[in-house]
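Beneath this line is the structure, given in structure tokens, with notes to follow.
Every read-out reported here was derived from the displayed coordinates using simple, explicitly stated rules and does not represent laboratory data. Computed from a prediction, not measured in an experiment: that's the story for all the values here. Here the Cβ is made from the backbone with ideal geometry for all residues, glycine too, and neighbour counts use every protein chain on show.
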Amino acid sequence: MRWLLPVALTVQFMVALDMSVVNVALPDMRADLGFTPQGLLWVVNAYALAFGGLLMLGGRLADLLGSRPVLIAGLALFGAASLAGGLVRSPGALIAARAVQGVGAAALAPVAFALIAIAFPAGPARSRALGLWGMAGAAGGAVGVLAGGVLTDVAGWRAVMLVNVPIVAFALLASLRTGPTPGPAGAGARLDVAGALLATCGTAVLVLGLVGTSTHPWGSARTLATLGGAAALLVAFVAVEQRTAHPLLRPALLKGRPVLTANLFCLLLSSGQFAAFYFVSLCLQQVLGYGPTAAGIAFLPFSAGVVAGSVIATRTVAALGTRRLLAVGGGLAALGIAGFAVTARTDGTFLTFVLGPSLVSAVGIGMCFVPLGTAATTDVAPGETGMASGLLNSSRQVGGSLGLAVLVTVAAQVTGDSNRPADLVSGYATAFWAAAGLLAAGALAALVLLPGTRRADPESGPEAAPVAGPEDSQKNSGGAVDSAVSRSTQG
């Protein structure tokens with residue numbers, strides 16, 4: 001069991017890494033492979049769409065088949081797609097490789113979160129584990145931007161795909177030493193194939209329609225047809241889930257206010273955060289003249305801020321509760337993103353444009369991970385932790401994809417066809433304001449929807465109801481796992 005936490009953190013780091021590692025390398029990919037501007041966006045969206053659309057399926061597979069088989073299969077698929085992506089010769093092949101990466105990641109992320117939710121008892125042990133889980137994701141995103149810049153400068157854009165191969169090799173070896181992991185949910189459970197297809201197709205068509213609004217007006221026949229088709233598919237998904245005996249997503253799961261609020265907050269948080277830092281990267285390179293490596297280094301304060309925010313959350317969640325912590329974290333994040341809008345200028349510098357807003361927004365975002373994980377697993381049965389994990393990760397990744405699609409459209413409406421730095425800054429600033437609004441809405445949702453803070457028992461940790469371990473053996477292993485968390489925290 002001592003390898004369980006390193007495996008979960010490595011998977012979370014790698015999945016987050018691939019959400020950001022290609023961003024800085026996009027200009028080089030476009031020049032080498034001949035992407036169109038809209039086609040280039042799909043290098044990011046292909047991964048995000050496959051990942052977000054299949055996360056609920058990946059989580060449910062972990063419940064039905066057991067964590068280890070899904071973990072190993074996901075790692076193998078992710079590693080193979082990364083290797084293929086580093087060798088492609090055409091835009092379509094790279095987009096396909098990114099999509100397959102997303103499929104592999106959709107099997108990995110729910111398993112990592114579910115293992116933590118099951119193996120760590122509610123209280124300080126789980127808070128520390130969730131704090132490390134959040135740090136791993138934030139570090140992966142920040143390191144991805146830095147590594148993308150350095151690798152692109154030193155070895156070319158293909159290295160940003162191939163860097164995953166050694167990480168996958170380590171995770172595969174470590175996963176074989178994790179010891180007993182949660183097994184299948186039960187012999188009578190079945191996979192909801194229809195629900196998985198409807199959820200994936202509905203999400204993909206929705207984002208396709210939103211991305212297309214940058215070239216087709218919102219009232220055009222194409223836009224209305226794609227958005228209408230997406231709505232029909234998602235309505236059909238809801239209807240199927242209400243009728244099937246073994247749903248991909250049990251509708252009653254969302255009747256719990258903590259679970260519902262956690263997913264709504266996560267959707268809004270990722271929508272604003274992912275899009276905002278996409279535009280920060282573009283502003284640094286296209287307006288301020290940063291090279292790929294310099295742009296990556298400029299994101300390091302964000303990584304430091306997230307670590308600080310996660311530490312604060314771990315130490316205060318028992319006293320403040322999830323409601324207050326999410327509201328404060330979301331509010332700080334919104335304030336920081338608004339800072340980018342205020343300081344965006346054609347003659348901006350690292351000190352005036354990047355440092356302050358990055359630190360404020362990062363501390364706020366870091367404060368959200370522990371309460372998000374706690375709320376998302378409150379009152380969830382052990383046999384549905386994969387389902388709850390897939391839902392939370394779906395909210396994160398779909399939110400990021402949708403937020404990027406919408407805010408790219410918002411910025412394009414202001415910028416038009418101009419490439420003048422002043423016009424680009426104006427469009428980016430508008431997008432930053434919109435992103436800040438999304439984060440502020442998340443903070444407000446936490447205040448309104450979550451129940452008030454209950455006094456925490458010092459012996460039991462946060463106020464959230466625990467997710468009990470499904471086996472006595474897992475309960476007995478809690479001390480060893482807690483010790484692993486303590487060693488990781490001290491290290």
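A few remarks follow.
- Rounded to the nearest 20, the Cβ-based charge dipole of the chain about its Cα centre (Lys and Arg +1, Asp and Glu -1) stands at 380 debye.
- Charge tally in the Cβ shell below 15 Å around Val88, where Lys, Arg are +1 and Asp, Glu are -1, Val88 excluded: +2
- Model label sites at Asp379 and Arg315, defined 7 Å from Cα along the beta-carbon direction, differ in position by 3.3 nm.
- About its Cα centre, the range 186-322 has a charge dipole of approximately 300 debye under the convention of +1 per Lys or Arg Cβ and -1 per Asp or Glu Cβ, with nothing else charged.
- Positive minus negative residues near Arg243 (Lys, Arg vs Asp, Glu; Cβ under 13 Å): -1
- Cα lying deepest toward the dipole's positive end in the chain, options Gly427, Leu320, Ala46, charges on Cβ: Leu320
- Going from the residue with the fewest nearby Cβ atoms within 10 Å to the one with the most, Met19, Met29 rank Met29, Met19.
- For the chain, adding -39500 (n - 2.57) for each run of n ≥ 4 DSSP H residues and dividing by the number of residues yields -25500 deg cm²/dmol at 222 nm.
- Relative pair counts by distance (%), Cα atoms of the chain, 10 Å bins: 4, 21, 33, 28, 12, 2, 0
- Loop sites in the range 2-74: trypsin sites (Lys or Arg not before Pro), DSSP, at most 14 other Cβ within 10 Å: Arg2
- Residue order for Ile312, Ile116, fewest other beta carbons within 10 angstrom first, comes to Ile312, Ile116.
- For the range 192-247, fraction of C-alpha pairs farther apart than 19 Å, in %: 34 percent
- Sum of side-chain charges, Val425 neighbourhood, beta-carbon under 14 Å (Lys, Arg +1; Asp, Glu -1): 0
- For the range 210-255 versus the range 339-399, the gap between their alpha-carbon centres in whole angstrom: 25 Å
- In the chain, the longest principal axis of the Cα atoms and the axis of helix 164-175 are about 0 degrees apart.
- Sorted fewest first by neighbouring Cβ atoms within 10 angstrom, Val235, Val408 come out as Val235, Val408.
- Between the listed residues Leu282, Ala333, Asn23, the Cα displaced farthest toward the positive end of the dipole of the chain, a dipole computed from Cβ unit charges relative to the Cα centre, is found at Ala333.
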